[in-house]
1. Given the pairs Lys9/Lys44; Lys9/Lys48; Lys28/Lys48, which span a C-alpha to C-alpha distance of over 19 angstrom in this model?
2. For the chain, restrict the atom set to alpha-carbon positions and state the Rg and Dmax in Å.
3. For the stretch 42-102, take every pair of Cα atoms, bin their distances at 10 Å starting from 0, and report each bin as a whole percent.
4. Determine the relative contact order of the stretch 13-99: mean sequence separation of Cα pairs under 8 Å and six or more apart, normalised by residue count, in whole percent.
5. Just to confirm the number: angle between the C-alpha axis of helix 51-65 and the first principal axis of the chain, 0 to 90 degrees, nearest 10?
Amino acid sequence: LFNQYPLIKQAYNVAQNLRIIYNTTTVKEVAYTKLAHWYNDVMKINLKQFGTVINTMQINYKTILNYFDNRSTNASAESFNAKIKAFRAQFRGVRDIDFFLY
């Protein structure tokens, strides 16, 4: 597949390189440098499919780099928020709240 479509191979390698940065880097300053090199590689390839990722990196690079401080995300908060929204959606149209909660 990669022999017939070299552009797919380039895109795959760029995506894998980003994954490697996140999986192996633990120091914020090193991550900043590696992400800058990754950004330059993506710009050299000029793939429009990575446009959203590049825009996100440009706008939120400080917040993205905060991940490398203690390697945590806000996934648990997002999950809790989704559960609250699901509960509220289920609660709509209920007249007898006590019976519903029972």
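1. On the way: Lys9/Lys44 15 Å; Lys9/Lys48 15 Å; Lys28/Lys48 28 Å.
Violating the 19 Å limit, Cα to Cα: Lys28/Lys48.
2. Cα-based Rg and Dmax for the chain come out at 20.9, 65 Å.
3. Bin by bin from 0 Å, the calculated values are 17, 24, 24, 16, 15, 4, 0.
4. Numbers: 28 pairs, mean separation 26.5, N = 87.
Contact order relative to length: 30 percent.
5. Its long axis makes an angle of about 80 degrees.
None of the figures in this text is laboratory data; all of them are computed from the coordinates on show. No experiment lies behind these values; they were computed from the predicted model shown.
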